[in-house]
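The structure appears right after this line, and notes come after that.
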Amino acid sequence: MASNLDLFRDFDRVFNQATRGQSAFGMPMDLHREGDRFVAEIDLPGVDPSSIDIDVEDFTLTIRAERKSTRNLDKNQWVTRERSYGTFARQLSLGRGLDLNRIEADYADGVLTLSIPVAEDSKPRKVQVRHSTAAEAVAVEGGESQESSAETAER
């Protein structure tokens, strides 16, 4: 049986080459499963929510966001400058067992939360086993079925 994380085949392995360095540091992420959905929480402090862009194509989810500086970066004499600005991107390779048409995204307090439901066809389910007893079985001889003795007695 496949594990829960198999649905995300190498979830965080695929990165866009141009943003590889910034992705890991610019968008730290936690991922967990809650029942029938996966939840990704991605830190995006200081990002204008209107700059967040999320696309899904061919089982790849791409998140882009921009953090703009409110200061003129060229005029200042910096002592320490550790905060990153600019456009950040991250790509997640999603498995086929997810419902990509029902992904939801919320942004609050600097955290982007993605809810990615498991597809109905991929959810665990019980398979009913049918069985019959010898008294309920119908005998077949010469290609024609015979009624059981209980059915004949009722007539």
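Conditions tested, residue by residue: (1) farther than 20 Å from G95 by Cβ; (2) modelled with pLDDT of 55 or more.
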| position | (1), (2) |
| --- | --- |
| G110 | yes, yes |
| L114 | no, yes |
| P117 | no, yes |
| V129 | yes, yes |
| A134 | yes, yes |
| V138 | yes, yes |
| E147 | yes, no |
| T152 | yes, no |
Legend entry - Matching residues in region 106-133 - criterion: being touching a residue at least 12 places away in the same chain (Cβ under 8 Å) and within 18 Å of L31 (Cβ to Cβ): Y107, G110, V111, L112, T113, L114, S115, I116, P117, V118, A119, S122
Inset, instruction - Mind listing just one residue for me: the one in region 53-71 that is touching a Lys or Arg at 6+ places or on another chain (Cβ under 9 Å) and part of a loop (DSSP other than H, G, I, E, B) and, of those, farthest from M29 (Cα to Cα)? - result: S69
Inset, instruction - Return the residue satisfying two criteria in turn: it lies in region 72-120 and is polar (S, T, N, Q) and outside any loop (DSSP other than H, G, I, E, B), and of such residues it is farthest from F59 (Cα to Cα). - result: T87
Inset, instruction - Confirm whether V56 is of a type in the set (A, V, I, L, M) and farther than 15 Å from A40 by Cβ. - result: no
Inset, instruction - State the number of residues belonging to region 69-86 that are exposed (fewer than 15 other Cβ atoms within 10 Å of the Cβ), out of contact with any helix residue (DSSP H, G or I) (no Cβ under 8 Å at 6 or more places or on another chain) and at pLDDT 80 or above. - result: 6
Legend entry - So F59, is it among the hydrophobic types (A, V, I, L, M, F, W, C), modelled with pLDDT under 75 and in contact with a strand residue (DSSP E or B) (Cβ under 7 Å, 6 or more places away or on another chain): no
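The values are calculated or read from the model by the stated rules, or taken from the named source; none is laboratory data. All of these numbers come straight from a predicted model, not from anything done at the bench. Cβ sites come from the backbone with ideal geometry, for glycine too, and all protein chains shown count toward neighbours.
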